[in-house]
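Data first, discussion second: the structure below is written as structure tokens.
The values are calculated or read from the model by the stated rules, or taken from the named source; none is laboratory data. Quantities reported herein were computed from a predicted structural model and do not represent experimental measurements. Quick reminder, even Gly has a Cβ in these numbers, built from the backbone with ideal geometry, and neighbours come from all protein chains shown.
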Amino acid sequence: MNPKISLMMIFCSFVGGGVFYTSTFLLPEGKQAIITQFGRPVGSPLAQSGLYFKLPWIQKVCYLDKRILSWDGHPNQIPTKDKKYIIVDTTARWRIIDALKFIQTVQNERGAQARLGGILDAITRDTISNHNLVEAVRNTNDILELSEKLKAQQREKEIIEEEITGEIEKITKGREMLSSMIAKLADQELRSFGISIIDVQLRRIEYESSVEQKVYERMISERKKIAEKIRSIGKGEQARIQGRMSRDLQKIESEAYRKAQEYKGKAEAEVASIYKKALVQGSKFYEFIRTLEAYEKSFQEGSQVILSTDSDFFKLFHSGM
Amino acid sequence: MSRSSGPNSSFNGIFPEEIQGVFNQLRNNLRFLLLGVGVFVIAWGGFSGFYTVEPTEEAVVTRFGKYIGTYAPGLHFKLPFGVDRVKKVKAKLVLQEEFGFRTQERFRKNNARVLKESRMLTGDLNVAIVEWIIQYQIADPRKYLFNTQNPIRNIRDISEAIMRRVVGDRSVNDALTTGRVEIASEAEKLTQEVFDRYDLGVRIVTVKLQNVNPPELVKASFNEVNAAKQEQEQAINMAEKEYNKVIPEARGKAQRRISEAEGYAIAVINQAKGNAQKFLALLKEHQVNPLVTQKRLYIETMEKIFSRLKVIVVDPSVKGIMPLFTNPENKIEKKI
């Protein structure tokens, strides 16, 4: 074999391999790509994964994520409409929907994150500061119903255990709606960057640290108030039971007295009528007998008496006749 | 290769000779070179032509970057040389994310970041510390890998946001006591809904609340409320105890009083009846012979009386002996 030809073959295979390698590329699942020629995008973005061809060397492939991406915001201190200072921490999910616009306007993911940060922070700030704190905390008015239900229950039971304290404001929008409002506004603004916002979540809302201290103080005083109330209700209930006891006691005793007196009175009335019925038949004789009985009862065992012999009993004793 | 020529040898004369030498040597070694390359290629192809999937895993296979299937545990073949690529996902394992605490030793030191996860506002604008876990399984490895960039971060973010939303609709009391189970199940439901919206490929096994506490600074006052509840109960119990002690006894006593009165009534009536009977009987006799009966009764009575008395009989002519009887213990009855 001519050595020159062999040399040529090896050279050609290297060159061919290089050309093949630089003219194909893999688009993996979950990615999209755009082909650029001297930095200028060529053709429409590629979204379907698989094996692709391009011009060697002069065309470059720029990969972008096709998946849902996360954006993590910095906690922001925002005053609400009702002048409460809170720290709001948001996160968002977004995706690149227009790869071409995306590379032209923000170049890469890092650039996008910066844009997202600016826009989302501003919109979040506007939205939160246009609403009262409760709108960002609560989602529904369930708590109001719950509190009503609780109160009704407590009225039934007569014993109040614990209650929801403080004024509970009605909400008109709620957390979920605020976050979707933010998402919608952000989405509109970010469309021009080829970005779509899927959702925004108010991940954390907390009191600013100086406010937090005051909130804790309020919570403490509220709890103390509730504790006092519970104690006083206990004492009230105790007094109520004691009162009931005293009432019942007097009722029972007086009723017993009344009944006893009634029985006794009736009995005595009957006794009187029995005697009356018997005695009308011989009242003089009754007087006599009753007197004798009285004598008999009047003298106790061993009593001393001095009798004169001229008494009726000793008539015989004295005269013998 | 000839290295005999010095650095100052003629450039023109040596060059073809040099190449010729290299080429000859190359041709001699080409056979071995090709053999080596061949063995290498076959070995590479052989080793990259199969893979095993562990029992807890599932394998997601892509061909030229394109998804072709998800495979169960076992030994599988694939196209070699990186044409088919395998990503293994722990699809069977129940995975867990923790919020507000970490069970793993190296995260034990509760740093501020971890604590922040659990601090949240309740519907009555109080603060509660809620710790919870979420357990999940990768239900669809393909979705898990290719639909979101960072599934775990999404899981954490969503779970935090949802938990706050659920707790935000409750009073602090509810969250601390009776609402726990409901909160967990509601959070589970809502979180799964969001996961499905993202097509995350994750199925929640459970969401469980761990410790739910008031903030450290406020804890004492919450305990005070509990203590007050105990006191309340105790006060009521004491009053009831007293009531139960007194009232049944009083009822019994009242009953006794009534019964006694009834007894008295029966007794006096019977006595009266007896006396009346006796009187009527005597009267009857008296009517037959008034004087005799009267006398007899008189004498009988006197007999009864005198038999138990100390009788001193004094003749009417010795009146004025009274000072003799000065014994104060004895009752002195006057003359009949």
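Before moving on, here are some points about what is shown:
- The set of residues from the stretch A:18-35 being in a helix (DSSP H, G or I) and within 13 Å of chain B (Cβ to nearest Cβ) comprises just one member, A:Y21.
- Check on A:H131, assigned to a loop (DSSP other than H, G, I, E, B), touching a residue at least 12 places away in the same chain (Cβ under 8 Å) and crowded, with 16+ Cβ neighbours inside 10 Å: yes
Rundown of residues vs (1) surrounded by 11 or more Cβ atoms within 10 Å (Cβ to Cβ); (2) modelled with pLDDT of 80 or more, yes/no style:
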position	(1), (2)
A:K266	yes, yes
A:A269	yes, yes
A:G282	yes, yes
A:R290	yes, yes
A:E296	yes, yes
A:F299	yes, no
A:S308	yes, no
A:G320	no, no
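- Residues in the stretch A:94-113 include at least one that is in a helix (DSSP H, G or I), in the same structural domain as A:Q201 (by TED's automatic domain parsing) and free of Cβ contacts under 8 Å to residues at least 12 places away in the same chain.
- A single entry from A:A33, A:A92, A:A112, A:A47 fulfils the requirement of being modelled with pLDDT of 85 or more, touching a strand residue (DSSP E or B) at 6+ places or on another chain (Cβ under 7 Å) and more than 28 Å from A:L178 (Cβ to Cβ): A:A33.
- Matching residues in the stretch B:143-188 - criterion: being modelled with pLDDT under 90 and among the hydroxyl-bearing types (S, T, Y): B:Y144, B:T148, B:S171, B:T177, B:T178
- Failed criterion for A:D89 (all others in (1) outside any loop (DSSP other than H, G, I, E, B); (2) of a type in the set (D, E); (3) more than 10 Å from chain B (Cβ to nearest Cβ) hold): (3)
- Candidate set: the stretch A:225-243, residues that are basic (K, R) and within 7 Å of chain B (Cβ to nearest Cβ); chosen: the one surrounded by the most Cβ atoms within 10 Å (Cβ to Cβ): A:R231
- Exactly one residue out of A:E262, A:E287, A:E222, A:E270 is assigned to a helix (DSSP H, G or I) and within 7 Å of chain B (Cβ to nearest Cβ): that is A:E270.
- Here A:L190, A:L185, A:L249, A:L178 are screened, and the one residue that is in contact with a His (Cβ under 7 Å, 6 or more places away or on another chain) and part of a helix (DSSP H, G or I) is A:L178.
- Selection over the stretch B:123-145 of residues that are under 17 Å from A:I68 (Cα atoms) and free of Cβ contacts under 8 Å to residues at least 40 places away in the same chain gives a count of 0.
- Against the test of being free of Cβ contacts under 8 Å to residues at least 60 places away in the same chain, farther than 21 Å from B:G82 by Cβ and in a strand (DSSP E or B), the options A:L51, A:L69, A:L55 yield a single qualifying residue, A:L69.
- Hits in the stretch B:65-87 - residues which are at the interface with chain A (Cβ under 10 Å from one of its Cβ atoms) and within 21 Å of B:I138 (Cα to Cα): B:K66, B:Y67, B:I68, B:R85, B:K87
Okay, residues lined up against (1) under 20 Å from A:F299 (Cα atoms); (2) facing chain A (nearest Cβ under 7 Å); (3) among the polar types (S, T, N, Q):
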residue: B:A265; (1), (2), (3): no, yes, no
residue: B:Q294; (1), (2), (3): no, yes, yes
residue: B:I299; (1), (2), (3): yes, no, no
residue: B:M302; (1), (2), (3): yes, yes, no
residue: B:L309; (1), (2), (3): yes, yes, no
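- Qualifying residue in the stretch B:243-258 (condition: within 7 Å of another protein chain (Cβ to nearest Cβ), more than 30 Å from A:E237 (Cα to Cα) and surrounded by 15 or more Cβ atoms within 10 Å (Cβ to Cβ)): yes
- Taken over the stretch B:42-64, the residue count meeting the criterion of being within 14 Å of another protein chain (Cβ to nearest Cβ) and part of a helix (DSSP H, G or I) is 0.
- Checked against (1) under 30 Å from A:E268 (Cβ atoms); (2) loosely packed, with under 14 Cβ neighbours inside 10 Å, B:A261 passes all but a single condition, namely (2).
- Search result, residues across the stretch A:17-50 that are charged (D, E, K, R) and either loosely packed, with under 13 Cβ neighbours inside 10 Å or over 54 Å from the mean Cα position of the chain (by Cα) (or both): A:R40
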